[in-house]
Amino acid sequence: MRSEQESSLRFIAGHGSSVHELWTGVGKTEIATTLAKTAAKHFQKCVVTVPTKTIADQYRERFPDVFTVAFGRSDFLCFLYERDKTNLTRESKTKFTADEIPHTICRVCPHFVDQETGKVQEKGALACPYYLQNHQAKVSRKPVLTTFAFYLFKRLFSKDFPEPDLLVIDEGHRVPELVRSALSYDITDWHLEQAISILEKVEEHETAAALEHFRKRMIEIVRKKHRILLDAEEISALIKILETIDGGALSRSIAKAIKSDAIEAEDNLEIFKKVEGVALNLRRYIRSLEFSLPLANRGALAYTYAYHEKEETKDKRVINKLVVCSHYVAALVKKCLLGKTTVALSATIGDSEIFGQESGIQFPFLSLPPSFPPENTAVYMPTDTPNLAFKEQKHGTVTNVMRRMARATKKLARQGIHSLHVVVANKEREKLVALMEEEGVKAVSYGNGVTAREAALRFREGEGDCLVGTSANFSEGIDLPKQIAPAIFALRPPYMPMYEPRSMFEEQRYGSRRWAIWNWRVQLFVLQVRGRNIRRVDDLGVVFFISQQFRRIVFSALPKTLQVAYKGDLTLDQCVKEALALVR
């Protein structure tokens, strides 16, 4: 056992529910697995959540017999519309995944697994793999390993995951954004049209008329407010219309339509799914819109904005939509999602007070310094790179500094040193890849049918001189130790543009205090990027933070033991020269 692991486990023994900031490479996976095995030994229900299925797969590979794994419907095939019923197997090829099938159809499917008994609907039918895993996770004495989004939906909307005795949250710093993403949704005019059409066909005329009224009012608002927050009067008008709609009639219409010979269910699954979504989420729509209204004793807890596509193309059926975004999630997490004991683990918590305010996870906090020697790394803030803030940019600024990055990458590559480049926007990624090609650098990236995960795997296996991607894909969750990418370049901090609806909302909600939250998020970005290439005590790695926006963030974000590795008084060329000497 490493000293950091022992300190973490002793802290849990003394405090129970707690938040742990443990540097990359310390062994958080082993801590989480040890806790899970201990809980199982004492017949306690334990759930370990991770942000992505990729991380869950890493757990399974390392500890194959410890967990019962539970994933979402998109990971499982649906057997209902399999052509060859006589040759149905678990590996059988089928047209649909489980998430494409409306729940209404699932309930009458012969493969459906009763969640109480574990038996299939029709004797002799092969069990639906999705509902089978749900039942197994419910009754298993093993710890359950799942994504946080799946856990969230099960805790909020079903009885499959009651409050666990122990909840372990890996990558706990991501909880606020994971909850916001899971609980935000779109209301589109195209889906409303399909719902209205089905309601008319099954003679639910009154509900169809109410839904049509909502659609027309929504379009009126959307066409004049592209990417602008709705005001209280507009939101109240939409809520008033929604309250007249009979959600039960919507649900009945799906059952009627599926049984109707006039509508072929298999050919209209997407439409049925969307109509069912409107029916099941009607109360949620109303509630979320209500949260977008400020009350006397509080500000708005969510925000709603309009999105309008002016040109309808063959591939874009949806041209008008409302985007309803959850924002204040701390109370929900605190009240509904935590376990009797909750342990949150992360390499990057930063300011624990802001983390608690954002996430609702407010427990005793343990922060341990990195275990590797500070001389193994350098954190560079060059003196001669530009400020890439939108208001500071001049014509050609981004292109010029990206070309310098490409040339620096070429110098490193000539010495056998590969690098990772993290940008913010996809247009920046495309531009940097093109400039790398012009400078004779072979860049590996995604697009044109190649996923970010595939690109990262190819790079890890030795392809190319550098890996290029956005912060959404490569600032965390990708490990490049053992000199795979000893050099990392971060172009600019991922501040949101001021014209984005979320920026507008947070400015209204927090006022001047918003900068503390925005800078905290950038600090997490800095720490996550810093941790990509050093996972063990003998790894070597450097990071270049390019935009001068980083200057007031990077040093303060670093743990005190790593502040000696900060270099803020060298030019970019001098930084590259020093980096060559360090990582060689």
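The values are calculated or read from the model by the stated rules, or taken from the named source; none is laboratory data. Model, not experiment: these values are computed from the prediction. Glycine also receives a Cβ, built like all others from the backbone with ideal geometry; neighbour counts cover every protein chain displayed.
Remarks
- Count - residues of segment 55-74 that are within 17 Å of the chain's Cα centre (by Cα), touching a residue at least 60 places away in the same chain (Cβ under 8 Å) and part of a helix (DSSP H, G or I): 2
- Scanning segment 372-386 for residues that are surrounded by fewer than 17 Cβ atoms within 10 Å (Cβ to Cβ) and at pLDDT below 95 turns up P373, E375.
- Here K427 does not fit the description of being touching a Ser or Thr at 6+ places or on another chain (Cβ under 8 Å), free of Cβ contacts under 8 Å to residues at least 60 places away in the same chain and of a type in the set (D, E, K, R).
- Near pairs, Cβ below 7 angstrom, 6+ apart or cross-chain, from segment 446-460 (over 19 Å from E428 (Cβ atoms)) to any residue that is surrounded by fewer than 18 Cβ atoms within 10 Å (Cβ to Cβ): R453/T54
- In the set (1) more than 28 Å from K482 (Cβ to Cβ); (2) in a loop (DSSP other than H, G, I, E, B), G350 fails one condition alone, (1).
- Residue match in segment 232-242 (condition: out of contact with any helix residue (DSSP H, G or I) (no Cβ under 7 Å at 6 or more places or on another chain), surrounded by fewer than 17 Cβ atoms within 10 Å (Cβ to Cβ) and among the aliphatic types (A, V, I, L, M)): yes
- Contact map, segment 501-515: residues that are within 17 Å of V323 (Cβ to Cβ) paired with residues that are part of a helix (DSSP H, G or I), Cβ distance under 9 Å, separation 6+ or inter-chain. Pairs shown: S503/R514; S503/W518; E506/R514; E506/I517; E506/W518.
- Matching entry among R453, R514 (being within 23 Å of A434 (Cβ to Cβ), part of a helix (DSSP H, G or I) and at pLDDT below 95): R453
- Residue match in segment 187-198 (condition: out of contact with any Gly (no Cβ under 7 Å at 6 or more places or on another chain), assigned to a strand (DSSP E or B), surrounded by 19 or more Cβ atoms within 10 Å (Cβ to Cβ) and hydroxyl-bearing (S, T, Y)): yes
- Lone unmet requirement of (1) of a type in the set (A, V, I, L, M, F, W, C); (2) closer than 19 Å to K427 by Cα; (3) at pLDDT 95 or above for L366: (2)
- Within segment 156-195, tally of residues that are under 17 Å from the mean Cα position of the chain (by Cα) and of a type in the set (S, T, Y): 3
- Selection of segment 1-40 for residues being free of Cβ contacts under 8 Å to residues at least 24 places away in the same chain and not in a helix (DSSP H, G or I) yields only M1.
- Single residue of A149, A127, A137 found to be touching a strand residue (DSSP E or B) at 6+ places or on another chain (Cβ under 6 Å), in contact (Cβ under 8 Å) with a residue 60 or more places away in the chain and either surrounded by 13 or more Cβ atoms within 10 Å (Cβ to Cβ) or among the hydrophobic types (A, V, I, L, M, F, W, C) (or both): A137
- When we screen T68, T29, T24 for residues that are under 21 Å from S367 (Cα atoms), hydroxyl-bearing (S, T, Y) and in contact with a helix residue (DSSP H, G or I) (Cβ under 7 Å, 6 or more places away or on another chain), the only hit is T29.
- Qualifying positions in segment 41-54 - assigned to a strand (DSSP E or B) and of a type in the set (S, T, N, Q): T49
For every residue, the table says whether it meets (1) among the aromatic types (F, W, Y); (2) farther than 29 Å from Y59 by Cβ; (3) in a loop (DSSP other than H, G, I, E, B); (4) in the same structural domain as I258 (by TED's automatic domain parsing).
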position: T104; (1), (2), (3), (4): no, yes, no, no
position: V108; (1), (2), (3), (4): no, yes, yes, no
position: T117; (1), (2), (3), (4): no, yes, yes, no
position: K123; (1), (2), (3), (4): no, yes, yes, no
position: L126; (1), (2), (3), (4): no, no, yes, no
position: Y130; (1), (2), (3), (4): yes, no, no, no
position: Q133; (1), (2), (3), (4): no, no, no, no
position: Q136; (1), (2), (3), (4): no, no, no, no
position: L145; (1), (2), (3), (4): no, no, no, no
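- From the options F459, F390, residue that is touching a Leu at 6+ places or on another chain (Cβ under 6 Å) and either assigned to a loop (DSSP other than H, G, I, E, B) or farther than 29 Å from P497 by Cα (or both): F459
- Scope segment 20-64; condition of a type in the set (A, V, I, L, M), crowded, with 22+ Cβ neighbours inside 10 Å and closer than 17 Å to Q528 by Cβ; matching residues: L22, V26, V50
- Residues (in a loop (DSSP other than H, G, I, E, B) and closer than 23 Å to E506 by Cα) located in segment 220-260: K224, K225, R227, I228, L230, D231
- Annotation note: of A434, A389, A408, the sole residue that is surrounded by fewer than 17 Cβ atoms within 10 Å (Cβ to Cβ), touching a residue at least 40 places away in the same chain (Cβ under 8 Å) and in the same structural domain as D573 (by TED's automatic domain parsing) is A389.
- Test: residue in segment 199-209 that is among the aliphatic types (A, V, I, L, M), assigned by TED's automatic domain parsing to the domain that holds T244 and modelled with pLDDT of 90 or more: yes
- Only one of the listed residues (R217, R180) is in a helix (DSSP H, G or I), surrounded by fewer than 22 Cβ atoms within 10 Å (Cβ to Cβ) and touching a strand residue (DSSP E or B) at 6+ places or on another chain (Cβ under 6 Å). That residue is R180.
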